Amino acid sequence: MKFRTVITLILLGTVLSFPQDFKKTATSGFVFLQIPVTARSTALGESSVALSDMGSSSVFTNPAGLGFNESDHSFSASYSPWLADIKHYAASYSIKSDMGIWAVSALAVDYGTMPKTKKITGQKVYEVLGDFSANAIALGLSYSRALTDKFSFGVTVKYVREGIDGYSASNVLFDGGILYYTGLKSLRIGASIQNFGVETKYINDPFKMPSVLKLGLAAELLGDMKSDYRVTGIVEALHPNDGDERMNAGLEVAWKNMLFLRGGYKFFYDEETYSFGVGVNPSTKIPVSVDFSFADYARLGNILRFTLNLSY
């Protein structure tokens, strides 16, 4: 069976299995899973599902990208001071084996501490009882394999938990994706479904998972991955189960695979608009690179993100 037929069947099956009720907006839980992770992805307007050179950080966008990772070992760590003084951390590590590529990942969100109060009976004031904290975490195990030099698939199973004070909710979710080089120059197609799982409860209130279906295209508009100068264009469509369809687009300009300039834009969002960033991959004995991004969230402010990458 040709790989185009395989892709068609996979995408069709994914769409048919995806929840079809999109009438309610912002009704899912564990929304911290929707926060972008790496500086490169953010700088490109989060349009990264069709990129094959993300290293171990592919687990956060499309686990199929791991299959084209040429490094035996890959590590990535990201940090961002999110909105409202929230801190966002993420890390991933992948290792190549004869069976394919395995990866582990961790994502943590620290919402900080807040005062705990209790209303005093008969009065309009509150008694301060102390402080309470809120946090969230996601731990993942991924597997990916390139079946040919043009097609790869990947899956992730992850444990997620979110808690506030003495209350918490947890679940087991799944990610899956494919990445396919079409043979039309450097054009590749990527598709993934993220955060797929059954409902869970917070105390006695059930809520659904923030599932999202992504489909993207990427290609070199100028040069290729080995050229001194390269320009890569990416476009991506999103189909979330708790909101309207959206679209992301990005452009990456590379010089000798050492210096990268990136820009992106998000369409059909309430606040998020443009983003940009830079990446530096110096030719040193230690294979390390750093990425930085800036994202505009209009009335909510601006978000900075930093990512460190290591490979061997």
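Laid out as a table, the results:
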read-out: Condition met for Val212 (buried (at least 20 other Cβ atoms within 10 Å of the Cβ), of a type in the set (A, V, I, L, M) and under 27 Å from Ala108 (Cβ atoms)); value: yes
read-out: Among (1) closer than 20 Å to Asp291 by Cα; (2) outside any strand (DSSP E or B); (3) out of contact with any Asp or Glu (no Cβ under 8 Å at 6 or more places or on another chain), the one test that Asp270 misses; value: (1)
read-out: Any pair with Cβ under 6 angstrom, 6 or more apart, that starts in segment 282-302 at a residue that is touching a residue at least 40 places away in the same chain (Cβ under 8 Å) and more than 14 Å from Phe260 (Cβ to Cβ) and ends at one that is of a type in the set (Asp, Glu) and surrounded by 14 or more Cβ atoms within 10 Å (Cβ to Cβ); value: Tyr297/Glu272
read-out: In segment 291-312, residue surrounded by the most Cβ atoms within 10 Å (Cβ to Cβ) [restricted to those that are among the aliphatic types (A, V, I, L, M) and more than 14 Å from Thr42 (Cβ to Cβ)]; value: Leu310
read-out: Some residue of segment 113-135 being farther than 24 Å from Phe207 by Cα and buried (at least 20 other Cβ atoms within 10 Å of the Cβ); value: no
read-out: Conditions (1) under 21 Å from the mean Cα position of the chain (by Cα); (2) surrounded by fewer than 16 Cβ atoms within 10 Å (Cβ to Cβ); number of the one not met by Glu272; value: (2)
read-out: Filtered residues of segment 138-159 (kept if assigned to a strand (DSSP E or B), of a type outside the set (D, E, K, R) and either crowded, with 18+ Cβ neighbours inside 10 Å or more than 18 Å from the chain's Cα centre (by Cα) (or both)); value: Ala138, Gly140, Ser142, Tyr143, Ser144, Ala146, Phe151, Ser152, Phe153, Gly154, Thr156
read-out: Residue count for segment 160-203, restricted to those that are over 27 Å from Thr148 (Cα atoms), in contact (Cβ under 8 Å) with a residue 60 or more places away in the chain and surrounded by fewer than 22 Cβ atoms within 10 Å (Cβ to Cβ); value: 4
read-out: Segment 60-90: number of residues that are surrounded by 19 or more Cβ atoms within 10 Å (Cβ to Cβ), under 14 Å from the mean Cα position of the chain (by Cα), of a type outside the set (Val, Ile, Thr) and over 17 Å from Thr148 (Cβ atoms); value: 8
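FYI, it's all coordinate maths here, none of it is from the lab. The structure displayed is predicted, hence computed values, not measured ones. Please note: Cβ atoms are built from the backbone with ideal geometry, for glycine as well, and neighbour counts cover all protein chains shown.
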